[in-house]
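K.L.:
Just dropping this structure here.
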Amino acid sequence: MKKYIKYILFGVLAITASGCSDYLDVVPDNTQEISALFNRKETAYRALATCYHYIPEYDNTYSFLGMSDEMIMSINRVTDGKNAVLGKISADQPIMSFWYGDWGGSWSEHAPCEASLFIPLRICHTFLNNIDRVPDMSQSEKSRWSGEVKFLIAYYHFLLFTQYGAIPLIREETPLDVSDKANQQAREPVDTVVNYIVSLLDESVNALPVRIINTSEMGRIDQVINRCFKAKVLLYAASPLFNNNPLYYSLENKDGTKLFPQNDTELEKQKWQRALAAYEEALTMCRSANIHLFKYPSSDYSKTVDARNFRNDSIRLPYMYNYQYAMVSKWNEEVIWGCSRTTDQVLSWHEIQRSINYKSSAATSTGDAWQWFGPTLNATEFFYTQNGLPLDEDPSFDYEHKDSVVTITADHNTVAQVGEQTAYMFMNREPRFYASIGFDRSRVRGYGTIYNLKMRYQEANGRQTHDDIDVPTSGVFLRKLMHPDTQGNGTITRYAWPIIRYNEMMLSYAECLNEVYGEQRQGEILALLDTIRARSGVPSVETAWANAKHANKYMTKDGMREIIKQERTVELAFEGYRNDDVRRWLEGSKYFNTNIWQWNSDATTAAEYYKRVQDPELLHVFTTRNYLWPIPTDEMVKNPNLVQNPGY
């Protein structure tokens, strides 16, 4: 950790900032001294922009989007995210690490963050210690900027907390000339970490504007973002990974300080109650700020490539647009906090839209769409049937024969090619499935037209040679994260990646309600879930489960917990939540120790193509040690006060 201190003074200036928003798309000037930054407002702003700069690029192919059972890629193009779930993470190879950033591996230049998050933590403290020196700023401006930076200190600590649990806390700026021992901090207990993060959020909230509506400042922190993020922090703290987790009862510092809570059931309940109260406060603020679920404007139907079909398909298309555009419509009313790129960067070809794009018939090179990063077949089963039930709970869905070949009927004409053959499991699914997944013989919206996918061997969208790696490994495309106006010639229709959305807040609130009250407040929980489902044309929980194989499941706290988890998995699919959610629920062994199945992409006939095959090199490996990241070996050597997480 100490090796990064030297960067505070000149590293703050020598960064090529990608920017958190249009307003913060600033490149600090590396010719200035740190003292000059705070001589006037214009240059102090560059320091503020640098504090924001280290927010991870969530929309990058090499981010955490590839680190779960949702996504897969060819073994020839495995990124660090996938290597982590293949079991290759270690203290000597600290891949996907917020503690370490770029660790020097083959894909490390595409790490989720460009450097250790201990760097921006110290930069932020440098900012706080100097902002009052700026002569041409009002006190309210200084207070606001300081509030934003305190939030960012909380945010960067939280990211480290999600990976390591107990971490050293950076409470102040560390001068360059300190001795090594001054930087040899021990890890602090997880409850101390959480309380410090929350204290920063509470301390900073009143200095912030209530809600930013000025488009030139989108992405900067306001009170609504602050309160919503506080709720998320407390949700994680209440979750099984960090709350009374017996896996870590024995983890302690060298002085005997216990780093995780010790079998305290009363404290366990209090954490859920604390999270619930935070969500109630945050959602009240959201409603006051007119934040709500996005719905695609009916007045815009005539502007879409589906204008004719909208008149004839009331059961799918409007709901598909509601769901997909809630993600890709820039700064829509559902986005609470987002981060957008405004210009192409060095890694622009690694933006998620390019990596998941299917090749346009007008494309002139394979580079127009790499096609090698896509959903697993496992993830296609997350979504419900058209009756709003999990595939194995719907009596009308033949789960045993889900891979059988069927002919597409006329009632699917807006989502699939009538008369062609496809897999049974792709028929009679909910609208969110069709908005998310492009499958062989499906019809998808893109390139300004409706596109008919043909994905078998040597077909237009399939593998062209037996060793072709620029095709979706599993045999399905990801549509959800692709703006329909994005082109196959490298033209990206940009949107703000939603770091916090209103639908996530509703789902998290439902989770807290269930944990605290269970059946006592079931009506409120159902109302939250049903509102989300209705936006996507999915029957209510009670209506759907009345016909399920286990019809009374939703009536119990345990059953409702499973339903909430699957609803969250579907609603937030492919947005980067899956890895954290499964870990915080302590369900890694259940979901991440899995065979990753794919269609037989070398086949030319439907009968052969829809036979599942498995690449043994892509077997996910998860053990209990994988719930937390290892502290890098060289950090353990430099700081004798650190203790390693179990299993490394």
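The values are calculated or read from the model by the stated rules, or taken from the named source; none is laboratory data. Being a predicted model, the structure only gives us computed values, none of them experimental. Don't worry about glycine lacking a Cβ; one is built from the backbone with ideal geometry, like all the others, and counts go over all protein chains shown. These accessible areas exclude ligands, DNA and RNA; they are computed on the full protein's heavy atoms, side chains included. Shrake-Rupley method; radii C 1.70, N 1.55, O 1.52, S 1.80 Å.
K.L.:
With each pseudo-label sitting 7 Å past Cα toward Cβ, what's the L128-T556 distance in nm, one decimal?
P.N.:
4.7
K.L.:
How far apart, in nanometres, would the label points at Q644 and S199 be if each is projected 7 angstrom from Cα along the Cα-to-Cβ direction?
P.N.:
3.2
K.L.:
Provide the gained length on full extension for the span E141 to I450, in nm with one decimal, where the gain is 0.36 nm per separating residue minus the Cα-Cα distance.
P.N.:
Full-extension gain reported as 106.3 nm.
K.L.:
In addition: In straight Cα distance, which lysines are under 25 Å from K150, not counting same-chain residues fewer than 8 positions off?
P.N.:
Candidates past the 8-residue exclusion: K2, K3, K6, K41, K142, K230, K232, K271.
K.L.:
Further question on the same structure: Calculate how steeply helix 139-164 sits against the longest principal axis of the alpha-carbon atoms of the chain, using the helix alpha-carbon long axis, and give the answer as 0 to 90 degrees to the nearest 10.
P.N.:
Orientation of helix 139-164: about 60 degrees from the principal axis.
K.L.:
Something else now. Mean shadow of the range 504-607, computed from the convex hull of its alpha carbons, in nm²?
P.N.:
9.1
K.L.:
Next question, about the same structure. Please calculate the 1.4 Å probe accessible area of C51, with all protein chains present, and give it to the nearest 10 Å².
P.N.:
Near enough 0 Å² of accessible area.
K.L.:
Pairs of Cα atoms under 8 Å, at least six residues apart: use those to get the relative contact order of the chain, whole percent.
P.N.:
17
K.L.:
Straight-line reach from K590: which aspartates and glutamates have Cα under 12 Å away, leaving out those fewer than 8 places along the same chain?
P.N.:
D69
K.L.:
Here is a follow-up. Tell me, in nm to one decimal, what length is gained between T407 and T633 on full extension, where the rule is 0.36 nm per residue of separation less the Cα-Cα distance?
P.N.:
Stretched fully, the T407-T633 segment lengthens by 75.8 nm.
K.L.:
Relative to the longest principal axis of the C-alpha atoms of the chain, give the angle of the C-alpha long axis of helix 317-328, reported between 0 and 90° and rounded to the nearest 10°.
P.N.:
Its long axis makes an angle of about 20 degrees.
K.L.:
Still on this structure, I have one more. Just by accessible area at a 1.4 angstrom probe, what is the order of T174, T215, T465 from largest to smallest?
P.N.:
So the residues, ranked largest to smallest area, are T215, T465, T174.
K.L.:
Pull out the extension gain between K254 and R612, defined as 0.36 nm times the separation in residues minus the alpha carbon to alpha carbon distance; nm, one decimal.
P.N.:
Working it through step by step, the gained length comes to 123.8 nm.
K.L.:
In addition: Over the chain, what portion of Cα pair distances is larger than 48 Å, expressed as a whole percent?
P.N.:
12
K.L.:
Ok, one more. Determine the relative contact order of the range 534-628: mean sequence separation of Cα pairs under 8 Å and six or more apart, normalised by residue count, in whole percent.
P.N.:
Relative contact order here is 19 percent.
K.L.:
Can you give the FRET efficiency to the nearest 0.05 for A546 and R521, using r as the Cβ-Cβ distance and R₀ = 22 Å?
P.N.:
Calculated value: 0.60.
K.L.:
A further question follows. Please work out whether the range 248-333 counts as rounded, prolate or oblate from its C-alpha gyration tensor, where a ≥ b ≥ c are the square roots of the eigenvalues and a/c under 1.5 means rounded, while otherwise a/b larger than b/c means prolate and anything else oblate?
P.N.:
prolate
K.L.:
With axes computed from alpha carbons, what is the tilt in degrees of helix 502-517 against the longest principal axis of the chain, rounded to the nearest 10 within 0 to 90?
P.N.:
80
K.L.:
Sum -39500 (n - 2.57) across every DSSP H segment of at least 4 residues in the chain, then divide by the residue count to get the 222 nm mean residue ellipticity, nearest 500.
P.N.:
-10000 deg cm²/dmol
K.L.:
Additional query: Calculate, for Q566 and N593, the FRET efficiency according to 1/(1 + (r/R0)^6) with r their C-beta to C-beta distance and R0 25 Å; round to the nearest 0.05.
P.N.:
So, using R0 = 25 Å, E works out to roughly 0.85.
K.L.:
Please report Rg over Rh for the range 175-314, where both radii come from the alpha carbon positions and Rh follows the Kirkwood definition.
P.N.:
1.17
K.L.:
Follow-up question, since we're still on this one. Leaving out same-chain residues fewer than 8 places away, which lysines sit with a Cα under 24 Å from that of K295?
P.N.:
K303, K330, K480, K565
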